[in-house]
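What follows is a set of notes on a single structure, which appears directly below.
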Amino acid sequence: MKQSGNILFSGVGGQGILLASELTAYAQLAAGFDVKKSEVHGMAQRGGSVVAHLKYGEKVYSPLIDPGTADIQVAFEEMEAARYLPYLHRDSAVVVNTQKILPPAVATGKASYPDNILDELRNRGINVVALDAFAVAREMGELRTANVVMVGAMSNFLAVTPQIFLDVIDQKVKEQFREVNKNAFQAGRDLVHA
Amino acid sequence: MTLNKKETLWLSGNEAIALGAWEAGVQVASGYPGTPSTEIMENLSTYADVYTEWAPNEKVGLEVAIGASFAGVRALATMKHVGMNVAADPLFTASYTGGRGGLVVLTADDPEMHSSQNEQDNRNYAFAAKLPMLEPSDPAEAKVMLLRAFELSEELDTPVLFRITTRIAHVKGVVQKSDRVATSDPSIEKMPGKFVMLPGPARVRRAVIEKRMQSLRELAETLDENRVEEGTVTRGFITSGTSYNYVKEAFPDAAVLKLGMVWPLPEQKIRDFAQKVDELIIVEELDPFLETHIKAMGIHCRGKELIPSQGELNSFIVRKSIDPDSVGQLFEPLDLPMRPPNMCAGCPHRGLFYCLSRMKDVFVSGDIGCYTLGFLPPLSAMDTCVCMGASVTIAHGMSKALGKEGEGKMVAVLGDSTFIHSGITGLINSVYNDSNSTVIIVDNRTTAMTGHQHNPASGCNIKGEAANAINFEELCRAVGVKRVVVVNPHDIDETRKVLKEEIARTETSVVISRAPCVLLPEEVRRKKPVYWTNLDNCTGCTACIRLGCPAISWNPITPGESVERGYKEKQKGYSMINEVQCNGCGQCAVLCKFDAITLKEDN
């Protein structure tokens, strides 16, 4: 099993990055790793670009991922997948939800949303896995499980077994939402072949 | 490592500090919300056997904690870095009095200004107020070190400063749970020589401070929290706080002197360490605090000539600053449209700032809160932002400087919680000194930016229980404001009319712009109307776009497309409401003159 790694979560404030990164952290803890996670609260949460750093290993000191060292990025929005490019390296895997949320300058017609932005990552040799997490979540019958679909897809790139994630969902998610979240995780996992 | 055991937890630094405060037997805690400190009080308020409260400002919070200490129990005051400026008055004299129960004053600094107006380094307060300061490196250490802070406070009869930064407060890590220590019984004890700081007793206490600092300097030499981690000595590091983590990852084999107490410093320990290593480098975020004092000891070292003094550090920056050739090439960032934070869809502040943005001669003196986002385009309706409460006083100062020229132009905008924090004293000044400025209180019934904390006007205490609520109208009239007008900012036509009238007045007037924050739980639960874009009617006039609402987007079209859609050929685009995001405030519907935005039920 890989002995350490860095996972970057990015998206737009209010998209629910927190739950996705929490489930991942708990799974890595259950697998026996030391884990640290860094978030930013306050002003940054009001619809702005947000990012969470998760690091695991035998002993983790810094809570921040160094530029050029994110092994996996989980992006909840397309442009937010590309914004953190300096954190990635050529062997990074980027799991991205193909949603586009227009930033103020675009919504007001002052700028345009870049076309084919994910190609910017692919052209640099980065493994980009694009999926419509909302479509999958809708099939599950609960739109709010889109985060967990993303975690499921991302889990293919980790050595942690899927059962550990399913156990974490059992422990951390309220009973009435457990089954749908476990299904969402599995559906996300089945979408990707790492 | 398993979290199934009850004693091992996964906590943020702030959650760990709340747990640490409870374990340390804290019985009274007071604070004012401020990122990144807020969750400490929020979490502590959920524990049994500790009294917690939101104070109207940091000075009040600290004085409450001093009072509890004088009554013989352990007490905690929490604040963000700039809050310590507000609390500095009691802080500097509490250094003279000491207390009875342990007193810890927590400052949460925000290097990089993630959610702050400056990035002051509050280690300087330890030096200036002659107080010891502890600084942990992660959540687990923060919890343990807080207990140590209370022990030190009682052993040496001193308030203890406890400094964290964003990367302690909002970092999650593994924390071990412990039992709560035995708490003390409160009592009244009159100690005038210690508690009454008139010149006579204060001069006596002044000498006590010097003795105390001497004892602390001696104690620092043997304190477990100041530890040497052996390693290669070609290059040795002195560091503290989260910077320690970056040194450990950038130079894992190097010898490190980790300072858990950053003031006063263990001089002998530093000398011994300096002698042992070939080259000494000080790694610290923000000011050269350790470096300055270590250089003053006559010790040769390097610090800020290598390490940046602005913004946060990380392992990469530390490595690159010291060994530039050791880091590889990074991908260049892409040129992407920025995504700054924005007021939410349906935010009541938007209606008010929209009206202000349409008033050309008005100068808007702003303040600290969600509404500071009124500065951003397309509203661009804020002209100053300095500190809590300064909107009122800066508007008054400008109006006095401008005289006749400022009449009908000077407006202050501040939130409900900010008004109570330190706006009310400014308003009293405006009334007393006959200001012609207009004060707008944007009252959204909560302290929104920090995550919806209750305040003295919200009707609930920190635990969410019913509490006395201040009535702003009565308060403003009581201090002598003759004109107090309440408007609903979602009603743009009425708001515009009221603003025009009140701003034109040559006496101090107060406009209370009142509508609840859309993120309040009761508002989230409320079934709201949904607005809908009838695209056939949209003329592309962009009146709604000028609100800057995240639920409304502009869709550019070519002349061909516009004809195809039945628009005039010159129409450059159309706007559309995202019905999922819409919170039904109706501001855009008021602005649309072409019936392109209507209530969903109507269609």
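Readers should treat all values here as calculations from the given coordinates under stated rules, not as data from a laboratory. Just so it is clear, the structure is predicted and the values come from calculations on it, not from any experiment. When we count neighbours, we look across all protein chains shown, and the Cβ atoms used for this are built from the backbone with ideal geometry, even at glycine.
Restricting attention to segment A:5-191, close to 50% of DSSP beta bridges with both partner residues there are antiparallel. Secondary structure note: in chain B, about 30% of the DSSP beta bridges are antiparallel. Couplings 3J(HN,Hα) of segment B:211-221, computed from phi: 5, 4, 5, 5, 4, 5, 4, 5, 5, 4, 5 Hz, in residue order, whole Hz [Karplus 6.51 cos²θ - 1.76 cosθ + 1.60, θ = phi - 60°; x for Gly and Pro].
In the elastic network of chain A, a GNM with C-alpha springs shorter than 10 Å, the most mobile of A:Thr108, A:Thr145, A:Thr98 is A:Thr108. Subtracting the Cα-Cα distance of B:Ile428 and B:Lys177 from their residue separation scaled by 0.36 nm leaves 85.5 nm. Each label was represented as a point 7 Å from its Cα along the Cα-to-Cβ direction; for B:Lys360 and B:Leu535 these points are 3.7 nm apart.
In terms of other Cβ atoms within 10 Å, B:Lys527, A:Lys172 run from fewest to most in the order B:Lys527, A:Lys172.
FRET efficiency for the A:Ala135 to B:Val524 pair, using the beta carbon distance and R₀ = 22 Å, is estimated at 0.30. When the C-alpha to C-alpha distance is required to be over 30 Å, the pairs from B:Lys80/B:Lys177; B:Lys497/B:Lys600; B:Lys177/B:Lys276; A:Lys174/B:Lys600; B:Lys500/B:Lys570 that qualify are B:Lys177/B:Lys276; A:Lys174/B:Lys600; B:Lys500/B:Lys570. Place +1 on the Cβ of every Lys and Arg and -1 on the Cβ of every Asp and Glu in segment B:348-524, take the dipole about the Cα centre, and give the residue among B:Phe363, B:Val511, B:Asn488 whose Cα lies farthest towards its positive end. Value computed over the given set: B:Phe363.
Just to be sure I understand the model, the point goes 7 Å from the Cα along the line to the Cβ. What's the resulting A:Asn127 to B:Glu7 distance in nm? The two pseudo-label positions are separated by 4.1 nm.
Under a model in which nothing but the beta-carbon of Lys, Arg (+1) and Asp, Glu (-1) is charged, the protein assembly as shown shows a dipole of about 1100 debye around its Cα centre. Computed from backbone phi with θ = phi - 60° and the Karplus coefficients 6.51, -1.76 and 1.60, the 3J(HN,Hα) list for segment B:338-344 is 5, 10, x, x, 9, 4, 5 Hz; x is used for glycine and proline. In segment B:1-51, Cα pairs under 8 Å separated by at least six residues give a relative contact order of 39 percent.
Sketch the reach of a paramagnetic label on B:Ile188 as a point 7 Å from Cα along Cα-to-Cβ, and name the residues of segment B:39-78 whose backbone nitrogen lies under 18 Å away. Backbone N within reach: B:67-73. Taking label points 7 Å from Cα along the Cα-to-Cβ direction, A:Ala111 and B:Val563 give a separation of 3.4 nm. With an a/c value of 1.5 or above and a/b larger than b/c for the gyration tensor axes a ≥ b ≥ c computed over the alpha-carbon atoms, segment B:179-303 is described as prolate. Here r is the Cβ-Cβ distance between B:Asp323 and B:Ala48 and R0 is 45 Å; the resulting FRET efficiency, rounded to 0.05, is 0.30.
Computed extension length for B:Leu330-B:Asn468: 44.1 nm, one decimal, from 0.36 nm per residue of separation with the Cα-Cα distance subtracted. Toward the positive end of the charge dipole of segment B:527-602, with +1 on the Cβ of Lys and Arg and -1 on the Cβ of Asp and Glu, the farthest Cα among B:Cys582, B:Thr539, B:Ile557 is that of B:Cys582.
Rounded to the nearest 20 debye, the dipole size of segment B:14-72 about its Cα centre is 160 debye, using +1 on the Cβ of Lys and Arg and -1 on the Cβ of Asp and Glu.
Which of rounded, prolate, oblate describes chain B, given a ≥ b ≥ c as roots of the alpha-carbon gyration tensor eigenvalues and a/c under 1.5 marking rounded, otherwise prolate only if a/b is larger than b/c? Prolate, since a/c reaches 1.5 and a/b exceeds b/c. Applying the Karplus relation 6.51 cos²θ - 1.76 cosθ + 1.60 with θ = phi - 60° to segment B:434-451 yields 3J(HN,Hα) values of 6, 8, 9, 7, 10, 9, 10, 9, 8, 9, 9, 6, 6, 9, 7, 4, 7, x Hz, where x marks Gly and Pro.
Taking the Cα centre of chain A as origin and assigning +1 to Lys and Arg Cβ atoms and -1 to Asp and Glu Cβ atoms, the resulting dipole is close to 280 debye. Rg/Rh for segment A:5-191 stands at 0.95; both radii use Cα atoms, and Rh follows the Kirkwood definition. Mind checking the log10 I(q)/I(0) for segment B:333-437 at q = 0.15 Å⁻¹? Debye, one equal scatterer per Cα, no solvent, two decimals. For the requested q values the scattering log ratios are -0.63. Normalised by the number of residues in chain B, the mean separation of alpha-carbon contacts (under 8 Å, six or more apart) gives a relative contact order of 10 percent. When each of B:Glu189, B:Glu561, B:Glu141 is scored by the number of other beta-carbon atoms lying within 10 Å, the sequence from fewest to most is B:Glu189, B:Glu561, B:Glu141. Note on the protein assembly as shown: antiparallel DSSP beta bridges, both residues inside, total approximately 35 percent of the bridges counted. By its C-alpha gyration tensor, with a ≥ b ≥ c as the square roots of the eigenvalues, how is the protein assembly as shown shaped: rounded for a/c under 1.5, else prolate for a/b larger than b/c, else oblate? Oblate.
Residues whose amide H lies under 5 Å from that of B:Arg483, counting only those 5 or more places away or on a different chain, are B:Val510; hydrogens are built 1.01 Å from N in the peptide plane. Ranking B:Phe195, A:Phe157, B:Ile394 by how far each Cα lies toward the positive end of the dipole of the protein assembly as shown (charges on Cβ) leaves B:Ile394 at the top.
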